[in-house]
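Reviewing the structure listed below.
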Amino acid sequence: MAVNVLLTGGAGYIGTHTAVELAGAGHGVVLLDGLYNSRAEAVRRVERITGAEMPLYVGDCADRAVLDRIFTEHRIDAVVHCAGLKAVGESTERPLLYYRTNLSALMTLCEAMEDHGVRRMVFSSSATVYGDPATVPITEDMPLSVTNPYGATKLFAEQILTDIAAADPRWHVVSLRYFNPVGAHPSGLIGEDPKGVPANLFPFIAQAAAGRRAELKVFGDDYPTPDGTGVRDYLHIVDLARGHLAALEHLGDAPGWRVYNLGTGRGTSVLEAIRAFEEATGVQVPYSVAARRPGDIATCYADPSAALRDLGFKTERSIAEACADAWRWQTANPDGYPD
Ligand code: WQD
């Protein structure tokens, strides 16, 4: 059954790809984005890909007035909440900005939802809530810990949503703990558009391959991993987006709070990612080994079986496809989205 979704952070990397999958499945999508780290052009491209009209409200989730306008002007059935600041390094330098931005937005959004009788949410969480796991693969019942203010905002947000759902069973909430989303939509029209120097591995690899960065620094090759470099669970952004669709379409099945990992269940090292990118694109990636990045962990990858069991979701795309799609986005949009 088609529903109307308010997608916050809808102009961002996760938001645009999720909007494509929601509209592609016949759902109505209304977008809210402050355009702090994204561009309105990205929304125009989502409309081009889907052929669907997608109203964009430019504003902040912490602004109750803009939320009231949206809930008044549209019949919203559910919210997919992706808006938020997400740079781990920046969060350690500016913790108050992260707590204020990410948590005020969530609480104001939940208050507005409650007042407008909307009590279904898919929440964008992160595998960072697992901290440095004692064992892998990681299951949803494993211990949670805070390793940086960004991760703390995700942990606290999950606690807030757990308590809301426990207090009122009319709330249906699914929290999705992303592992490492990578790649781009195969059209090459939308993709990851980090501002400034990319903090994450894949966009940096793509920019180094394109000559936009002199070389990739591999942050440490002395980890207790098969080749000494960090191991992560890289899932294609289109698979991640489809995970949101699966969660949305299961929201009505069970009241309360549920949480799922979104990952492939496979670990890939930094050197393996570089090789995969070179094989998929035929382009050399210039790199050198540097010191470990403070705060990095050796290994992190998902046990994705709960999402398969309850949501019927599993990833389908390979690292090779993610590399090829990331390269297509990079070469077609060397400077990202135009202003
Ligand atoms: C991956 C691997 C690095 C850059 C972060 C956040 C997490 C989530 C995803 C929001 C690591 C290595 C990286 C580089 C490198 N974001 N690397 N050179 O750190 O696993 O997760 O992004 O939810 O919350 O913590 O991703 O891409 O930064 O790093 O060698 O220039 O690549 O050491 O092993 P990470 P990443």
In the range 177-264 the accessible area split gives carbon plus sulfur, as whole percent at 1.4 Å, a share of 52
For the pair L144 and E114, the simple spin-label estimate (label points 7 Å beyond Cα toward Cβ) gives in nm 1.9
Rounded to the nearest Å, the spacing of the alpha-carbon centers of the range 237-270 and the range 119-197 is 10
Mean-square fluctuation maximum in Gaussian network of the chain, Cα pairs under 10 Å, restricted to T18, T139, T264, hits T139
Highest GNM mean-square fluctuation among L189, L35, L96, for the chain with Cα springs under 10 Å, belongs to L96
If unit charges are put on Cβ atoms (+1 for Lys and Arg, -1 for Asp and Glu) and the dipole of the chain is taken about its Cα centre, the option from Y337, P224, T128 lying farthest towards the positive end turns out to be Y337
Measuring from its Cα centre, the range 159-226 shows a charge dipole (+1 at each Lys and Arg Cβ, -1 at each Asp and Glu Cβ) which, in debye to the nearest 20, is 180
Percent of all alpha-carbon pairs of the range 235-303 at distances over 15 Å, whole number, is 71
Rg/Rh over Cα atoms for the range 121-180, Kirkwood Rh, comes to 0.99
Computed over all unlike Cα pairs, the Kirkwood hydrodynamic radius of the range 198-276 in Å stands at 15.1
Computed over the chain, protein heavy atoms only, probe 1.4 angstrom, the accessible area per residue in square angstrom equals 42
Treating only Lys and Arg (+1) and Asp and Glu (-1) as charged, each at its beta carbon, one finds that the range 84-217 has a dipole about its Cα centre, in Debye to the nearest 20, of 400
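Which value in deg cm²/dmol, rounded to the nearest 500, describes the helix-derived mean residue ellipticity at 222 nm for the chain, given -39,500 (n - 2.57) per DSSP H run of n ≥ 4 and division by the residue count?
On the way: 12 runs with 129 residues, N = 339.
Mean residue ellipticity, 222 nm, calculated: -11500 deg cm²/dmol.
Direction-averaged shadow area of the convex hull around the Cα atoms of the chain, nm²? Before the final figure, lay out the partial values.
On the way: hull surface 62.3 nm².
The directionally averaged projection comes out at 15.6 nm².
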When the chain is treated as a Gaussian network with springs between alpha carbons less than 10 Å apart, the largest mean-square fluctuation among G211, G28, G196 is found at G196
Phi angles of the range 163-180, converted by Karplus (6.51 cos²θ - 1.76 cosθ + 1.60, θ = phi - 60°) into ³J(HN,Hα) in whole Hz with x for Gly and Pro, give 5, 4, 5, 6, 7, 8, x, 6, 7, 10, 10, 10, 9, 10, 8, 6, 8, 10
Sorted by chain and number, the residues with a modelled amide H under 5 Å from that of T147, at a separation of 5 or more or across chains, are A152
Label model pair R44, A134: point-to-point distance (7 angstrom along the Cα→beta-carbon line) in nm is 5.4
In degrees, nearest 10, the alpha-carbon axis of helix 237-249 is tilted away from the dominant principal axis of the alpha carbons of the chain by 20
Using alpha carbon positions and the Kirkwood radius, the Rg to Rh ratio of the range 271-339 is 1.07
Per the rule of 0.36 nm per residue minus the C-alpha distance, extending V197 to D296 adds in nm 33.8 nm
The base-10 log of I(q)/I(0) that the Debye equation returns for the range 100-211 at q = 0.11, 0.20, 0.23 Å⁻¹, one scatterer per C-alpha, is -0.50, -1.14, -1.25
Listed by chain and number, the residues whose amide H is under 5 Å from that of F313, excluding neighbours fewer than 5 places away on the same chain and using placed H, are L308
For the range 51-56, in residue order, the Karplus 3J(HN,Hα) values (coefficients 6.51, -1.76, 1.60; θ = phi - 60°; whole Hz; Gly and Pro = x) are x, 9, 6, 9, x, 10
To the nearest 20 debye, the chain has a Cα-centred charge dipole, built from +1 on Lys and Arg Cβ and -1 on Asp and Glu Cβ, of 240
One checks the Cα atoms of the range 100-148 and finds Rg and Dmax, in Å, of 14.7, 43
If the chain between Q284 and D335 were fully extended at 0.36 nm per residue, the gain over the current Cα-Cα distance would be 16.4 nm
Out of G243, P143, I319 - ranked by how far each Cα lies towards the positive end of the dipole of the chain, with unit charges on the beta-carbon of charged residues - the top one is I319
Expressed in angstrom and rounded, the centroid-to-centroid distance over alpha carbons for the range 293-316 and the range 12-81 is 26
Full extension between R69 and M1 adds, at 0.36 nm per residue less the Cα distance, a length in nm of 22.0 nm
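The values are calculated or read from the model by the stated rules, or taken from the named source; none is laboratory data. The structure displayed is predicted, hence computed values, not measured ones. Ideal geometry is used to build each Cβ from the backbone, glycine not excepted, and the neighbour counts take in all protein chains shown. Calculation scope for accessible area: heavy atoms of the full protein, side chains included, ligands and nucleic acids excluded. Shrake-Rupley method; radii C 1.70, N 1.55, O 1.52, S 1.80 Å.
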